[in-house]
Ligand SMILES: Nc1ncnc2c1ncn2[C@@H]1O[C@H](COP(=O)(O)OP(=O)(O)O)[C@@H](O)[C@H]1O
Ligand SMILES: [Mg+2]
């Protein structure tokens, strides 16, 4: 077989697979190569991975992590949505320099659909904005929070990743969104109040919502050693008193470039991709991408995508 011809056929097949599945070909090609040709290529179902970014305390970097992880995943070729679930004091649109004309309140009032709220941002990330200073959104009841979660069921094309930037505290708008996600990232920084608030959130999520695993990301630490020490402090107490495993999932250094990017209303991952924090967010995105198929959320819980972890089967798989 002519080697160049086989290469052309293989790359054509890769492009077709990527177009069919919406995922980079390297992820969908699991077949074998015979005589330089790809054969028996299974096309997996699309995964929808809802990931809440939480932490309990304000100012620890939840929105920063949600925004930059979102842009890092999107720039790696994934379809990513970012829901600003800090209803009432929204930050995501400001951090990304967006100017939304409508927000979740309009959707709840029936003035628009979730699809119509989606705003394109850096690297193809799609943002669902919440309103800032909108009292309507500051006091959402249980039914309205559930309606926001259920609205994602109606999307024509669910994203691969749905990141949910949650508010500070332990109110329903934090716990419901976190419990509705398949994964929860706990952002923690090296301050006693951050550790105690993260522990408090872990306690509520495990005791009241049956969450059994959390993923900790240390923010604003000096090095990986400090980040792991921080994780040990938290895990030591949670292992002893709570029925939840807190895994170490990565760390982000304190980085002046990150602050400058925030002031410029852009993601550091886009603006200064070589900076220490941008590299950390890209590494975190790679880690998140190894998490694989998410565990099914509890059947008795309200869950994003109805607890389904895949949708739109596009072939055998
Ligand atoms: N890794 C970091 N390096 C430097 N500054 C950071 C970092 N992470 C967060 N910050 C600063 O902390 C502020 C608060 O972060 P933010 O993401 O808004 O916190 P939260 O959403 O938890 O309230 C940001 O405006 C930014 O100035
Ligand atoms: Mg925030």
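What follows draws every value from the coordinates through simple rules; no lab data is involved. Only a predicted model underlies this, so the values are computations on that prediction, with no experimental measurement involved. No Cβ is skipped: glycine too gets one built from the backbone with ideal geometry, and neighbour counts run over all protein chains shown.
At 0.36 nm per residue, and after removing the present C-alpha to C-alpha distance, how many nm does the segment from residue 301 to residue 157 gain when stretched out fully? Kindly include the intermediate steps, with their values, before the conclusion.
Values: separation 144, 0.36 × 144 = 51.84 nm, distance 2.28 nm.
So the chain would gain 49.6 nm between residue 301 and residue 157.
Working out 0.36 nm times the residue gap between residue 196 and residue 115, then minus their Cα-Cα distance, what length gain in nm do you get to one decimal?
Working: separation 81, 0.36 × 81 = 29.16 nm, distance 3.77 nm.
Separation in residues times 0.36 nm, less the Cα-Cα distance, equals 25.4 nm.
Using R₀ = 22 Å, calculate the FRET efficiency as 1/(1 + (r/R₀)^6) where r is the Cβ-Cβ separation of residue 150 and residue 208; round to 0.05. It would help to have the intermediate numbers written out before the result.
Values: r = 20 Å, r/R0 = 0.93.
It comes to 0.60.
Taking the square root of 5 times each eigenvalue of the Cα gyration tensor, what semi-axes in Å does the equivalent ellipsoid of the stretch 99-247 have, largest first?
Working: eigenvalues 193, 61, 41 Å².
Equivalent-ellipsoid dimensions as semi-axes: 31, 17, 14 Å.
Largest first, please: the extent of the C-alpha atoms of the stretch 88-183 along each principal axis, to the nearest Å.
Principal extents (Cα only, largest first): 32, 29, 26 Å.
Zone of residue 287 (label point 7 Å along Cα→Cβ, backbone N under 19 Å): which residues in the stretch 150-186?
Those under the cut-off are 161-166, 182-186.
Sort 199, 161 by Cβ crowding within 10 Å, fewest neighbours at the top.
Details: 199 20, 161 24.
Taking fewest neighbouring Cβ atoms as first place, the list is 199, 161.
So what's the convex hull volume per residue for the Cα atoms of the stretch 46-305, in Å³? Could the numbers behind the result be given before it?
Working: hull volume 29.2 nm³, N = 260.
So the per-residue hull volume is 112 Å³.
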